[in-house]
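Below is one structure, written out as structure tokens; comments come after it.
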């Protein structure tokens, strides 16, 4: 199944409340890796081409907020100033102190209920905003993409942690 079809299948399977539960579960799956995380573990990279656990967590934290902003604008039928550029994807920061990761993660989780409460169901399914890889997605589809993205990165963290040389 092609990624856009997979995303659309999730929005036909889940209602708004279920998508929010999936988003929470996906964030729990990523956030659990902050428990007991040392700086050496956060900064370890299996190779020069791969991210560290810290980079993944930082990326997910920023992405959740960005995707919810898109979802909110779509739901309110607000215009976008420009298309989403590929260069805006996959952004992260290296060597972030673990305490900062924890603080930013906690702040994002604390703000999440308020941001989700602003998404009054039923979500607007008519207006779309194009993702560089998946094409036009509506508000529900962006919400589904958000949790799918997070689960993918939770699995990425597990792969990093199972890599040879990962600090124990």
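Of the residues in the range 63-80, not one is over 29 Å from residue 12 (Cβ atoms), part of a helix (DSSP H, G or I), modelled with pLDDT of 95 or more and touching a helix residue (DSSP H, G or I) at 6+ places or on another chain (Cβ under 8 Å).
The set of residues from the range 148-166 being under 11 Å from residue 52 (Cβ atoms) and in a loop (DSSP other than H, G, I, E, B) comprises 163, 166.
Pick from 36, 31: which is modelled with pLDDT of 95 or more and within 30 Å of residue 121 (Cβ to Cβ)?
Values: 36 fails: within 30 Å of residue 121 (Cβ to Cβ).
Every option except 31 fails the conditions.
Evaluated against (1) modelled with pLDDT under 95; (2) within 20 Å of residue 160 (Cα to Cα); (3) part of a helix (DSSP H, G or I), residue 5 falls short on exactly one condition, (2). With the structure loaded, tell me whether residue 89 is more than 20 Å from residue 29 (Cβ to Cβ), at pLDDT below 95 and touching a strand residue (DSSP E or B) at 6+ places or on another chain (Cβ under 7 Å) or whether it fails that test. So residue 89 fails the test.
Residues in the range 43-62 that are more than 20 Å from residue 114 (Cα to Cα) and part of a helix (DSSP H, G or I): 8 in all. Of the listed requirements (1) exposed (fewer than 13 other Cβ atoms within 10 Å of the Cβ); (2) under 14 Å from residue 34 (Cα atoms), residue 153 misses just one: (1). Taking the listed residues 40, 32, the one that is out of contact with any helix residue (DSSP H, G or I) (no Cβ under 9 Å at 6 or more places or on another chain), part of a helix (DSSP H, G or I) and under 22 Å from residue 160 (Cα atoms) is 40, with no other qualifying. The single residue among 123, 101 that is in contact with a helix residue (DSSP H, G or I) (Cβ under 7 Å, 6 or more places away or on another chain), buried (at least 18 other Cβ atoms within 10 Å of the Cβ) and outside any loop (DSSP other than H, G, I, E, B) turns out to be 101.
The values are calculated or read from the model by the stated rules, or taken from the named source; none is laboratory data. Because the structure is a prediction, the values reported are computed rather than measured. Please note: Cβ atoms are built from the backbone with ideal geometry, for glycine as well, and neighbour counts cover all protein chains shown.
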